[in-house]
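Just below is one structure, and these are the notes that go with it.
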Amino acid sequence: MGYSQIAAVDLGSNSFRLEIGRLVEDQIYPLDSLKEPVRLASGLNREKILDDEAQQRALETLSRFGERLRGFKPEAVRAVATNTLRVARNAKVFLPRAEAALGFPIEIIAGREEARLIYIGVAHALPQNDRHKRLVVDIGGGSTEFIIGQKFEPQALESLFMGCVSYSLRFFPDGRVDKKRFTEAEVAAASEIQLIAEDYRRLGWTESVASSGTARAIADLLEENNLNPDGVTGITREGLAKLKAMLIRAGSASAMKLSGLRPDRLPVFPGGLAIMSAIFSELGIERMIYSDGALRLGVLYDLLGRYQHNDMREVTVQQFMRRYQVDTKQVARVEKTALALLGQLIPIDAPDCECEVRFLRWAVALHEIGMSIAQSGFHKHGAYIIGNADMPGFSKKDQERLSLLVVGQRGKLDKLPLMPSSDPMWRLLFCLRLAAILNRSRSNVPPPDCRVKQTATAFLIELPAAWMNANPLTAGALADGVQYWQAIGMTLRIKRRMAGLEG
């Protein structure tokens, strides 16, 4: 593997966290952690624009995290952003600044991917029981994740648009709490939970687990102030009812005279408590235990899995191939050709080229999934599926890249987003397009000896003249490609190699 330490950065809607783990065989041992209450979600206005103050808080925190991560290899760090950057309309503008401050790429992950990673973290933090089916609930700043799973495998994943920051701002903007406001918050949360409650109750669970900051704050308050029934730890229905009554009676979280309520938690506590109360009511829960395992630990174990060639993204690609009944023999043909072409342009066995090779392989594996919808425009159908489906292990940026490769495998290139000519995506697109053309017959007869070169703004294809003459359909498709590349300011040259000039 080559690394003794790996790191996860969690850009949550309430807090940013950095977790560094030490690797010992198949286990991760905590080495260092940092937490900053950035409250990113509080910077979202009604138009879903992240304001300058929230951005600045985030950048300052990421700069501090970046200092701690100095010297880490890019492959040893994974940074993920959750709900606030999922919904912020200016996230694409903010993200490059955030990545520059941190010094590492940041992935904006989908809600169900966040849920999957949370479950992995919780599952690794709790004792294993093969018969246990667990319900895991994680109340974040802008979203709440619900997962049912057994051992390390999630069976149901949902992410609902409600969180302790967003609900506190929506129902308790001045911090004042009364019965009417709290009831409104509970009802709003309950209406969200009702969307999944029936399916989750049908699946069932034997143990309920809560993770992350809201759950920890509530569990600490209940235990330190003896609000649970005698001898019971964690979060209980009885304890929640007492805590709710005390909050309403006090009129605000800051006025509560309770041991263990941290100052940084006060602004978001009412919203988090209302959501937790609704969860207990709608799902019929009597008690939840608390787990320290959460998103950041799940990210670390997912990263470890990639090192051990147990990459969830590979599993997802194989599942999509089965789901959409992909012709695996054609995938094998196109992949062999595409990798041979790429190998003429870059040293594909070099570690620095691993990412390009991986994305080309994935794009080839998925390039015909749209055929399951319709042959006409299948590349567009496939791109839509990849861009919008839940793909465990993949970030939204990963999905955008794969979607671009799939839609760009044929037809005009000026439909694609603007990219500099130096972007490696053009190289991958060139190899995928050419490999698909050369294997259009779907035959086991190997394609001809094709030689390719790349310059700053041009690609050169050299093919045997006799083969070109014998395959006018392919020759015509290649000629069309010359016009498509020219339309985006790049050059494609086709050279016919005469017999006797093979050396």
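The values are calculated or read from the model by the stated rules, or taken from the named source; none is laboratory data. The structure displayed is predicted, hence computed values, not measured ones. Cβ placement follows ideal geometry from the backbone for every residue including glycine, while neighbour counts extend to all protein chains displayed.
Observations on the structure shown:
- Leading residue by the ranking (nearest to Phe280 (Cα to Cα)) among those in the range 245-259 that are assigned to a helix (DSSP H, G or I) and not aliphatic (A, V, I, L, M): Arg249
- Top-ranked residue of the range 442-458 - restricted to ones that are among the small types (Gly, Ala, Ser) and in a loop (DSSP other than H, G, I, E, B), ranked as surrounded by the fewest Cβ atoms within 10 Å (Cβ to Cβ): Ala456
- Hits in the range 111-146 - residues which are under 20 Å from Gly305 (Cα atoms) and among the β-branched types (Val, Ile, Thr): Ile118, Ile120, Val122
Table: residues versus (1) over 16 Å from Asp264 (Cβ atoms); (2) of a type outside the set (Gly, Ala, Ser); (3) in contact with a Pro (Cβ under 9 Å, 6 or more places away or on another chain).
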{"position": "Val9", "(1), (2), (3)": "yes, yes, no"}
{"position": "Glu19", "(1), (2), (3)": "yes, yes, yes"}
{"position": "Val38", "(1), (2), (3)": "no, yes, no"}
{"position": "Leu44", "(1), (2), (3)": "yes, yes, no"}
{"position": "Glu47", "(1), (2), (3)": "yes, yes, no"}
{"position": "Asp51", "(1), (2), (3)": "yes, yes, no"}
{"position": "Gly66", "(1), (2), (3)": "yes, no, no"}
{"position": "Leu69", "(1), (2), (3)": "yes, yes, no"}
{"position": "Lys73", "(1), (2), (3)": "yes, yes, no"}
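- Being closer than 16 Å to Glu223 by Cα, at pLDDT 90 or above and not in a strand (DSSP E or B) is a description that applies to Lys242.
- Verdict on Val334 being surrounded by 18 or more Cβ atoms within 10 Å (Cβ to Cβ), on the phi < 0 side of the Ramachandran plot, assigned by TED's automatic domain parsing to the domain that holds Pro392 and outside any strand (DSSP E or B): yes
- Residue that is nearest to Thr316 (Cα to Cα), among those in the range 111-166 that are charged (D, E, K, R) and touching a Phe, Trp or Tyr at 6+ places or on another chain (Cβ under 9 Å): Glu113
- When Arg216, Arg202 are checked against the criterion of being basic (Lys, Arg), in contact (Cβ under 8 Å) with a residue 60 or more places away in the chain and assigned by TED's automatic domain parsing to the domain that holds Ser159, a single residue qualifies: Arg216.
- If you check Glu99, Glu145 for being of a type in the set (Asp, Glu), touching a helix residue (DSSP H, G or I) at 6+ places or on another chain (Cβ under 7 Å), modelled with pLDDT of 95 or more and at negative phi, only one passes: Glu145.
- Applying the criterion of being of a type in the set (A, V, I, L, M, F, W, C) and within 36 Å of the chain's Cα centre (by Cα) to the residues of the range 251-270, the residue that is surrounded by the most Cβ atoms within 10 Å (Cβ to Cβ) is Val268.
- Residue within the range 417-428 that is within 29 Å of Leu460 (Cβ to Cβ), modelled with pLDDT under 90 and among the hydroxyl-bearing types (Ser, Thr, Tyr) present: yes
- Look at the range 416-436: where a residue is in contact (Cβ under 8 Å) with a residue 24 or more places away in the chain and a partner is of a type in the set (Val, Ile, Thr) and surrounded by fewer than 16 Cβ atoms within 10 Å (Cβ to Cβ), sitting 6+ places away or on another chain with Cβ atoms under 7 Å, you get Ser421/Thr457.
- Looking at Ala475, Ala487, Ala499, just one residue is modelled with pLDDT of 90 or more and touching a strand residue (DSSP E or B) at 6+ places or on another chain (Cβ under 9 Å), and that residue is Ala475.
- Residue count, the range 252-266 (criterion: under 14 Å from Ser168 (Cα atoms) and not charged (D, E, K, R)): 4
- Odd one out for Val326 among (1) outside any helix (DSSP H, G or I); (2) over 30 Å from Trp426 (Cβ atoms): (2)
- Scanning the range 387-396 for residues that are in contact with a strand residue (DSSP E or B) (Cβ under 6 Å, 6 or more places away or on another chain) and assigned to a helix (DSSP H, G or I) gives a single hit, Lys396.
- Unique match (being buried (at least 16 other Cβ atoms within 10 Å of the Cβ) and free of Cβ contacts under 8 Å to residues at least 12 places away in the same chain) among Asn439, Asn471: Asn471
- All positions within the range 123-168 that are closer than 24 Å to Ala253 by Cβ, out of contact with any Ser or Thr (no Cβ under 6 Å at 6 or more places or on another chain) and among the aliphatic types (A, V, I, L, M): Val137
- The range 283-308, subset surrounded by fewer than 20 Cβ atoms within 10 Å (Cβ to Cβ) and farther than 24 Å from Leu31 by Cα, residue farthest from the chain's Cα centre (by Cα): Glu286
- Taking the range 402-424 as the range and being surrounded by 18 or more Cβ atoms within 10 Å (Cβ to Cβ) and either touching a Gly at 6+ places or on another chain (Cβ under 8 Å) or outside any loop (DSSP other than H, G, I, E, B) (or both) as the test, the residues that pass are Leu402, Ser403, Leu404, Leu405, Val406, Val407.
- Only helices (runs of 4 or more DSSP H) whose full extent lies in the range 1-115 are considered here, and the ones with at least 1 residues that are of a type in the set (Lys, Arg) and in contact with an Asp or Glu (Cβ under 8 Å, 6 or more places away or on another chain) are 52-68.
- Pick from the range 309-322, criterion surrounded by fewer than 13 Cβ atoms within 10 Å (Cβ to Cβ) and in a loop (DSSP other than H, G, I, E, B), ranking: modelled with the lowest pLDDT: His309
- Conditions (1) buried (at least 21 other Cβ atoms within 10 Å of the Cβ); (2) free of Cβ contacts under 8 Å to residues at least 60 places away in the same chain; (3) among the polar types (S, T, N, Q); number of the one not met by Gln325: (1)
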